[in-house]
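The values are calculated or read from the model by the stated rules, or taken from the named source; none is laboratory data. Since the structure is predicted, the reported quantities are computational estimates derived from the model, not experimental observations. So basically every Cβ, Gly included, is an ideal-geometry build from the backbone, and we count neighbours across all protein chains shown. Areas reflect the complete protein model, heavy atoms only, side chains present, ligands, DNA and RNA absent. Shrake-Rupley method; radii C 1.70, N 1.55, O 1.52, S 1.80 Å.
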Amino acid sequence: MSVSQGCAPGTSVHFAESRQVLVATQTGGSTGTFHGTWTRYEWTGTQWLQVGGDGVEVRFGKHGVQDGNTRVMGSSTTPSGTFALPLAFGEADPGTAMPYNTITGCSWWLDVDALEMGRPDLFNRWFEDCATTYPHAENLSELRDRGLYRQAVVIGHNYADPRKTSGPGSSSAIFLHYAPADGYTAGCVGLTSMAELTDTVRWLAPSSNPVIVIR
């Protein structure tokens, strides 16, 4: 088998690297280029098999997709590239093997607030705090209650250390989550089907080293 034959369809991800591959492909949109298609693949041991995702679309940032190496935080673009999926979270564990955090009323995803606290180690990280309101952070329970974060997966752009807090390659809170078909995201990948999103979270397995390809 050649290297190309061993890669998930339309990607450069070989089964030796990952046996679960999610693919979100930009196709267009009326504002920027924020519409896209969705597929996911699993390596069976002899071939790549497409699983789920039939007819499901994705929504990107309002200004489309930009190379993850040059993408800048706050640009309303979704970073392109191949990224690890280190953590899932939401209202309740759907039965995934992934590390999973359940959102509480005290759950935040910190942005520049972490820098203002003098805690750069908490930048682009989950944080539990019931006593403080963080004006720049994502209030995860609020977004859960709006239906966007009932289930979600962290996309590992700018997640591994060292992290960039500004400039090319910077980002915070880049997730796979639900998005209405008539909308766009702030830079995440939004699935237009809650059922497919839940199935995806349940299906993901760390032992398969899952990745997402955004293009």
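Hey, among the residues in segment 143-184 that are of a type in the set (Lys, Arg) and assigned to a loop (DSSP other than H, G, I, E, B), which one's most open to solvent (accessible area, probe 1.4 Å)?
My answer is ARG146.
Looking only at segment 46-72, which residues are open to solvent by less than 50 Å² (accessible area, probe 1.4 Å) and either of a type in the set (Gly, Ala, Ser) or over 16 Å from THR11 (Cβ atoms) (or both)?
GLY52, GLY53, VAL56, ARG59, PHE60, GLY61, GLY64, GLY68, ARG71
So for segment 40-59 (the condition being part of a strand (DSSP E or B), in contact with a Leu (Cβ under 8 Å, 6 or more places away or on another chain), closer than 21 Å to ARG202 by Cβ and of a type in the set (Ser, Thr, Tyr)), does at least one residue qualify?
Yes, segment 40-59 has at least one match.
Somewhere in segment 33-51, is a residue under 28 Å from SER107 (Cβ atoms) and more than 16 Å from the chain's Cα centre (by Cα)?
no
Results for (1) among the basic types (Lys, Arg); (2) touching a Cys at 6+ places or on another chain (Cβ under 9 Å); (3) surrounded by fewer than 15 Cβ atoms within 10 Å (Cβ to Cβ), shown as yes or no for each residue.
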| position | (1), (2), (3) |
| --- | --- |
| ARG19 | yes, no, no |
| SER30 | no, no, yes |
| HIS35 | no, no, no |
| GLY81 | no, no, no |
| GLY95 | no, no, yes |
| TYR100 | no, no, no |
| ASP113 | no, no, no |
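Just one of (1) open to solvent by 60 Å² or more (accessible area, probe 1.4 Å); (2) closer than 27 Å to LEU204 by Cα; (3) touching a residue at least 12 places away in the same chain (Cβ under 8 Å) trips up PRO120, so point out which.
(2)
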